1. Give me D for region D:278-338 in µm² s⁻¹, whole number, from Stokes-Einstein with Rh from the Kirkwood sum over alpha-carbon pairs, 25 °C and 0.890 mPa s.
2. For region D:131-270, what is the accessible area per residue in Å² when the probe is 1.4 Å?
3. Relative to the longest principal axis of chain B, what angle (0 to 90°, nearest 10) does the C-alpha long axis of helix B:178-188 take?
4. Please compute, for peptide A:103-111, the average count of beta-carbon atoms on other protein chains lying within 10 Å of each residue's beta-carbon.
5. For the protein assembly as shown, just the Cα set please: Rg and Dmax, both in angstrom.
6. Interface C/B, total buried accessible area with a 1.4 Å probe, nearest 100 Å²?
7. What angle, in degrees between 0 and 90 and rounded to the nearest 10, separates the Cα long axis of helix B:134-145 from the longest principal axis of the Cα atoms of chain B?
8. Evaluate peptide C:175-181: per residue, the Cβ atoms of other protein chains within 10 Å of its Cβ; return the mean as an integer.
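The values are calculated or read from the model by the stated rules, or taken from the named source; none is laboratory data. Keep in mind that this is a model prediction, so the values were computed, not measured. Reconstructed Cβ throughout: ideal geometry from the backbone, glycine too, with neighbour counts over all protein chains shown. What goes into the accessible areas is simple: the full protein's heavy atoms, side chains included, and nothing from ligands, DNA or RNA. Shrake-Rupley method; radii C 1.70, N 1.55, O 1.52, S 1.80 Å.
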Protein chains: 4
Amino acid sequence: MNRREPLGIAVIGTGRMGADHVRRIDRVISGARVAAVVDIDGERAKAVAAGVDGCTAHTDAAEAMASDAVDAVLIASSGPAHEEALLAAFARDLPVLCEKPLTPDAASALRVVEAEQALGHRRVQVGFMRRYDTEYVRLKALLGSGQLGRPLMLHNRHRNVASPPFFTSSMLISDSVAHEVDATRWLLGHEITAVTVLRPAPSAGAPDGLRDPQFVVLETDGGALSDVEIFVNCGFGYQVQAEAVCERGTARIGDGHQLVTNMAGRWGGTIAQDWTERFAQAYDDEVRAWVDATRRGEVTGPSTWDGYAAAAVCEAGVRAMEEGGRVRVDLAQRPPLYA
Amino acid sequence: MNRREPLGIAVIGTGRMGADHVRRIDRVISGARVAAVVDIDGERAKAVAAGVDGCTAHTDAAEAMASDAVDAVLIASSGPAHEEALLAAFARDLPVLCEKPLTPDAASALRVVEAEQALGHRRVQVGFMRRYDTEYVRLKALLGSGQLGRPLMLHNRHRNVASPPFFTSSMLISDSVAHEVDATRWLLGHEITAVTVLRPAPSAGAPDGLRDPQFVVLETDGGALSDVEIFVNCGFGYQVQAEAVCERGTARIGDGHQLVTNMAGRWGGTIAQDWTERFAQAYDDEVRAWVDATRRGEVTGPSTWDGYAAAAVCEAGVRAMEEGGRVRVDLAQRPPLYA
Amino acid sequence: MNRREPLGIAVIGTGRMGADHVRRIDRVISGARVAAVVDIDGERAKAVAAGVDGCTAHTDAAEAMASDAVDAVLIASSGPAHEEALLAAFARDLPVLCEKPLTPDAASALRVVEAEQALGHRRVQVGFMRRYDTEYVRLKALLGSGQLGRPLMLHNRHRNVASPPFFTSSMLISDSVAHEVDATRWLLGHEITAVTVLRPAPSAGAPDGLRDPQFVVLETDGGALSDVEIFVNCGFGYQVQAEAVCERGTARIGDGHQLVTNMAGRWGGTIAQDWTERFAQAYDDEVRAWVDATRRGEVTGPSTWDGYAAAAVCEAGVRAMEEGGRVRVDLAQRPPLYA
Amino acid sequence: MNRREPLGIAVIGTGRMGADHVRRIDRVISGARVAAVVDIDGERAKAVAAGVDGCTAHTDAAEAMASDAVDAVLIASSGPAHEEALLAAFARDLPVLCEKPLTPDAASALRVVEAEQALGHRRVQVGFMRRYDTEYVRLKALLGSGQLGRPLMLHNRHRNVASPPFFTSSMLISDSVAHEVDATRWLLGHEITAVTVLRPAPSAGAPDGLRDPQFVVLETDGGALSDVEIFVNCGFGYQVQAEAVCERGTARIGDGHQLVTNMAGRWGGTIAQDWTERFAQAYDDEVRAWVDATRRGEVTGPSTWDGYAAAAVCEAGVRAMEEGGRVRVDLAQRPPLYA
């Protein structure tokens, strides 16, 4: 049974990522509201709560979860704080969206696995958000369809413009390649059995002492290889690319061209079959813009004048089509209201 | 001042387009709710209203607009019904999102323009939704930046797989090219002064008697040309493409590659600079999937097991990076809960 | 029966184009040699002839054609000089490659047609060299295959960085669009029945008084339309593009991606099936580089050292493949000869 | 000093590769002729020689090299026969183009290096023909320019539709990856210091017992990594791709799009600046087609009628441009000669 009232969410952690989730739940996502925010920095929590209707501010996660207004928990605090927050949510049997990493190391992660098992049902969705990216979703669907045969290799590229000051050589693996670790497991449906890391001489563009780039090869229990170029100071842009090499073809994402395949003597992609696919986002953005402007008491976007001008041009166009030749368009005087 | 309560919207017309807008407002867009639906077919209106919490069904638009729960109106009925609904909304000074066309002909459209002027302020946003498409928005921004110089020509392609049974030769202009008419006016900031339509021999794939494809050339008061290939039975897919040819370069959209420019001896596009740009949609979809599943009482997506496995692989990876060579990954036994 | 001796060619006109043809016949094309060059500027003719073994210089075309060493004629003089040279070649029944235009106007061109008819057999190949471009050849083959159905429209783009000082508005048609006129006739196999020219306001980048760009629409006796954007001062590069829109799909060339089609829900191109296709040019260039260097008394390109180093690495690679793990490569000392 | 007479070449080996070189020297490359062919299969040698004017057939390489007509040697026999042929050429101090591999193993290759040193000058060009491929040449030039900074990694893909029956797992390295070994050394200007080979589970498309695909990582003395996917039964096509990852950007070849770079926030490639670049091959092919047809006694390609029709259309076009509106084209009757 679907509940009808909006879901009341407690957001734990109001740093960059947490604040972005607050904005998303408040302004973008239908069916949910931010009921509480939690931060060890109480002032920051209060500042964020002040921008959201009916949102309370807390410094203690368990206290926030105790509120009747809280139906679910989004954990966006720093990694070492995750375990405690997860266990607190388990204590109240609340559903959790937990930003990656689940916890910073395998031992603590295994403790969380065991705690959830003790509950007897799943409560946690981990924030491996690539599984929700349109291109990854299409790649996964194509691999699952069997059209290309069994996957043999996965070539991954992960490039950032520049790493933040606190970034260490280990974090290239545990923070960045962590995404490809999950993507490899998810796309192939294999577990990873071994890891090799090769290191070219560091780029002159990398901070002193940082081993950047690195080249990682993952082996899986399904006999596949997944190689990852991780380069967090590439300077030119943010790029996440993957090419699955299968028995009968390859499929590549991340070139900004959706999904490009090599198959049976041809390279290329699919063409949308109608406007619901091609312009889905435009329709959402159009209505969102109208709702947002209306709530602000404004009117924006194409005006009745634009509607009139289109009608006048189309009338002339129909005549030109029927009669041949060039047809002049005569518009009324444009009123100042639409200047 | 922003209002805090969700906007109550009356949706007029519950055909394919209207029903899609109801779904959008109910399930996708934050800050609004469907307060009323209107259809001359009362049963259809009731069926749609039944699926939305607190939504009333009506056969009369004015009656719906009279409800206190209605703050704004979305008109998605057939074109000939628009004028009456618009005037009813003006009578109550309600904000309107009106699907294209504003009205079916220039004379009635001009009456709406005059009625809105009589109100003394804009109330209508017309549904030219291409203005909200990411690629069109980027093209408009690039033209506005002046980087390419003044636009001289616009080449447009508009292709549908097949036209519906009721489609006439005139509708290729008034229904399809209408989009390019608005896009031309909006992108260039010019009014259109003349129209020429050229017609090749119809495609064998077009229904008997339909003049498809057609080739339309629009001239503007800014001295630009905008040509449109309209081909509504192309058979292979839905494609909307535009290339602006300017004094110092060209820019093309609709190849599925965002915005590709020719400029100063180079062709190409831009690379995202960080994950907020590249994965914006993935974050929205991730949280939306979690909210929707939670409201259904389900848990989906990456599990704590996935979080644990990633942590275990990353630990091995960090060792491989530090020590060199190949490092085995040893996972715990996978619990049945995550099978 | 094939002749075995090289063909002796008289090149008429030694300007930029003529001199380039002399180089081509002398250095690139097998089976022919430049036997004579002709230019009204006798000094220029002599200078060109001096660089070619056994080549004579002339100021009179008929005199050159009278030589026993001349088997065929390549006309690369200015357009107005073509008719006289063609008739002189006809007088001796010599095969001719005549640069475009055949002659500068329709009346003189018709006289040449009639003169060749009087000979009773074809003697002339006109220099519409797009018919020999790989991409155009592939597009022609695809259209001929019938896979896409009947062609309905052809969209052409023809852009130059900048026009030479002597270029007039008429020359955009007679000099530049002339290529698309032939390409349209050849690709479609239709004759052209009508021409319309539309002109946007000239680009600020065009020389004063030059109507640049122009937009030309050709109609054919097969019911097709061919539109041409001609823009000879586009500033950014040289681009020649064409898209054929057919009943069941479209095919585009000139994006530097060989031939890209839209067909049955997919866009894309073909993949080479073996190295003879992918590396044909590389093999030709490799042997040409070796022959040229050897004739100069030099040795260039990959050395025996390169051959040895590859062998040593491959030996290590085979061991690494068979034994697993990382295998060091031990090279001999590199001799100074290969420094 | 350049020699003027064509170079007389002895081609050793007349199998698939050797026969193709004979055709190339005889029909495509200017300035050289096939003076002799050698094959241990005397009948095959004679059959090939019969198709070439003035070419003698031999079963002994040294005998062929002794001929006064032979100025240079092209070795296209099987690998194990190379060493003897090379030493025979050294004995006569003849220039050699030797197909890859130089010899089948490092020890014999080193003997050849030493023998050439004993001559005191280079005589051999090894057939690593990728160094002559336009895309590789452009990539090498870009790397050399320093624009992208120092190269850190090279990602290579080498895919064949299917391997020949005699192919072994070792040959994936020594026959196929050998190309990437040379390309890596040449592009980077580094020697290779270590090799690692990783093997996914073989593809179901690979012949029984063949370890296909393989994944090879080369390390260089310049601190770079070069990884190679070798997949000789990929089924879908022949693909050779390389991406150089440098300190300030990346450059990729082999997608059929010449050279595509990522640099400073933009991806893309260069646009030709004039027709000499865009249509160089078309001009060569046009003149080659004319020479070949003329030697066969034929006339092909665009006719005087095509020249006339273009002139007539252009005249109408110039009028349409000057006067505005649509101008009809009136052609003369097409003579049967041009039917």
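1. Translational D for this selection: 172 µm²/s.
2. 28
3. The two axes meet at around 80 degrees.
4. Average neighbour count from other chains, rounded to a whole number: 6.
5. Cα-based Rg and Dmax for the protein assembly as shown come out at 35.5, 107 Å.
6. Roughly 3000 Å² of accessible surface disappears when C and B pair.
7. 70
8. Partner Cβ neighbours, averaged per residue: 4.
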